[in-house]
Structure formats: C-alpha cells, structure tokens
Amino acid sequence: WFYQNTLFDLAAEWHRYGGELLLIDEVHKYENWSRELKLIYDGHPGLKVIFTSSSALDLYRGESDLSRRLFTQNLHGLSFREYLSLMHGLEFEKVDLDDLVKHPRKLAEAVLSETKPLPLFKKYIRQGYFPFVKDVPAPNLDSRHLQILNTIMESDLAFIQDYSAANIHKVKKLLGVIAASAPFEPNISNIARKLNLGRDTVNQYLKHLHDAHILTLVYKPSKGISHLQKPDKIHFENPVFAYSLQNEPNPGTIRETFFMNQLRNAGHKVSLPPKGDFLIDEKWIFEVGGKNKTSSQVKNESHALLALDEIEVGVGKNIPLWLFGFLY
C-alpha cells in the first residue's frame, strides 16, 4: 500500500472515516517521516498521533521542525524497583536522591520489611533490565539481549545514520574492543589503528552507540561537549549488555554500570570527579564498590559517599548499592 500512498494519505483517509488515534511503530524506517508528521499535525489537528522510534534517532533533528509539536517520552529499561513490581508483585514508591542520601537506613528498612533484596538484586543485575524477562526463559535471555544489539546496529543505525554493511562490521569490531576492556579510559588513537579508522570516525561511532543506548560515554565536568570529543570513560549502557558480551564481566564494572545507569535514567547528571568514581549533579561524589570498600580515596571530600554492594543496610556514609535502583 505504501508503494503508492504516503503516510499522510493514510492519516487523511483514517481521519475521514472517523479515526481519532493513529499509532505508528518504528517511524524512523519511513522516508521523510518528520515532514509527513508535520503535514499530518497541521492538516488534521483533531487526529492524535503516537509514534515510536529507536533511541538512536534524534527526534529534534528531523528536516521539518517538530520540536514545538512533540511530547516525547524516553522508555528506559526497568529500574530495580520496577523489576520487583513486575516479577514479584512488590510495590514500593520511588525515592528522591536527597532523601536517599539523608535517610538510607529508613528507606532500606522499609524494603527489608517486605523482602530480602540482595538475592533479587543479583538476578536483576544479571537479566532483569528489559520487561521481556517476565516471558523469556532465563537460558534464552543472553541471546535475546544480543538480538537487541544486532537490531540496533544492523537495522536502526543503517536507517538513521545510513550505515553500510562495512560500517556495521567496523562498529561491531569497535564494540568487541570495548567489551574486552570496559570500563576504560579510551585511547582513541590506538582504537583507530586497530580498526583502520580515523580518530574522528571512531569518536563519531562512539557517539552513535551512546545515542542508541548501547554505550554510555562519561566526561569530566565541562561545557559544550562535542560529538567528536573523546570521552573520559566508557561503560555499557546497562549491566545485561555486559553479561551478554562477556562470560565473566568484572564485578566492579557491573556495579559502576548499574549505578550510572540508574542515576542517569532518573534524570541526574553524571560526570567524573578528580577523586572518586562519579560526580552526581555536580554536588555528590560517590565511590562504588563491594562491602569492604573504604572511603580512603575520598576521605577529604565533604560531600563524598559510598555506594556498597552486598550490604542490606548502610551505616554512616555507606549506602546499599541496590537502593539506588529505587530512584525511578
């Protein structure tokens, strides 16, 4: 039908027959999608349109100005709190970061009165980020996560960034280099030599993988981050991707990836401080580690805290890592 008709034609016919709502999935696979949506919006103001697209697509970069017409919602993966609701019927209110910092014991005890969070947290970290965890058997989850990665690289980026098969092959090789060493402070020149690419091309590919929510690029606090600026550190966007691409990912890497993922998804600004692992909202410094981690690296920082794995309740500046999964 679409070989001879446009998306606007479909919307016009639907509207003539009394249609009030038009749902469009994966709009980025339709040529001139932004222009057609603008025509639909202006030509049929009574028609409500809901559309989905890959996270790799910058919705505000379309050739027609949609910014004044769009209400957008980013669909993040499940928080630990949402996972507990979906998989175990445990309902908890989301918490504010300031409350979490001030009253970690009170918040942790409220959860402990309902369940033992540590074993459930281990399962969540390994396989619980996407909602299909409820329906896909556990042995098949890694392959499902790999399917997501392949779809983003082979389909979404092919449409959105006009990647050729050769581009996709190089991006996969880049992801393999990162998987072998993430998180790491990237040497762009070395990566470029390994892949026979230019430095700017490597930075561009990294930015695309960040936009597509496969990687998270972390920077030191600065203004005006360019799409060709070297990131100071690279993580996978979420822990399940790390498990899918590595047999035994480093536990410290997984903890940092979870912490950063939950904070960013909750809308907080995450950057790298001179001391400590993460600077949150340019206010709080966090060290992330196991239960025996000490504050020696940040002992002179007044706003420094520890996010510690494998503890149920924190003491002093020690906050259970799993509790950061209740921020959204």
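Results, tabulated for the structure shown:
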item: The range 21-37, residues that are without any contact (Cβ under 8 Å) to a residue 60 or more places away in the chain and either open to solvent by less than 60 Å² (accessible area, probe 1.4 Å) or touching a Cys at 6+ places or on another chain (Cβ under 6 Å) (or both); result: LEU22, ILE24, VAL27, TYR30, ASN32, TRP33, SER34, GLU36, LEU37
item: Residue selected from the range 6-20 under the condition over 28 Å from ASN150 (Cβ atoms) and either among the β-branched types (Val, Ile, Thr) or touching a residue at least 24 places away in the same chain (Cβ under 8 Å) (or both), by the criterion surrounded by the most Cβ atoms within 10 Å (Cβ to Cβ); result: ALA11
item: GLU287, sole failed condition from (1) part of a strand (DSSP E or B); (2) touching a residue at least 24 places away in the same chain (Cβ under 8 Å); (3) closer than 15 Å to LYS317 by Cβ; result: (2)
item: Hits in the range 38-49 - residues which are out of contact with any helix residue (DSSP H, G or I) (no Cβ under 7 Å at 6 or more places or on another chain), touching a residue at least 12 places away in the same chain (Cβ under 8 Å) and open to solvent by 80 Å² or more (accessible area, probe 1.4 Å); result: TYR41, LYS48
item: Flag for PRO221 being touching a residue at least 60 places away in the same chain (Cβ under 8 Å), assigned to a loop (DSSP other than H, G, I, E, B) and farther than 19 Å from LEU146 by Cα; result: yes
item: Given (1) open to solvent by less than 30 Å² (accessible area, probe 1.4 Å); (2) free of Cβ contacts under 8 Å to residues at least 60 places away in the same chain; (3) in a helix (DSSP H, G or I); (4) under 30 Å from SER34 (Cα atoms), index of the condition HIS145 fails; result: (2)
item: Close pairs from the range 62-76: first on the phi < 0 side of the Ramachandran plot and among the charged types (D, E, K, R), partner at pLDDT below 90 and in a loop (DSSP other than H, G, I, E, B), Cβ under 9 Å, at least 6 apart; result: GLU63/ASN32
item: Criterion: part of a loop (DSSP other than H, G, I, E, B) and closer than 22 Å to ASN265 by Cβ - qualifying residue of LEU118, LEU90, LEU107; result: LEU90
item: Close pairs (6 angstrom Cβ cut-off, 6 or more residues apart or separate chains): closer than 15 Å to LYS233 by Cβ and open to solvent by 70 Å² or more (accessible area, probe 1.4 Å) in the range 184-206, of a type outside the set (A, V, I, L, M) and not in a helix (DSSP H, G or I) anywhere; result: GLU185/LYS233
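The values are calculated or read from the model by the stated rules, or taken from the named source; none is laboratory data. Bear in mind that the values here come from a model prediction, so they are computed numbers and not experimental data. As a convention, Cβ positions derive from the backbone with ideal geometry for all residues, glycine included, and neighbour counts pool all protein chains shown. To get the accessible areas, we keep the full protein, side chains included, count just its heavy atoms, and leave off ligands, DNA and RNA. Shrake-Rupley method; radii C 1.70, N 1.55, O 1.52, S 1.80 Å.
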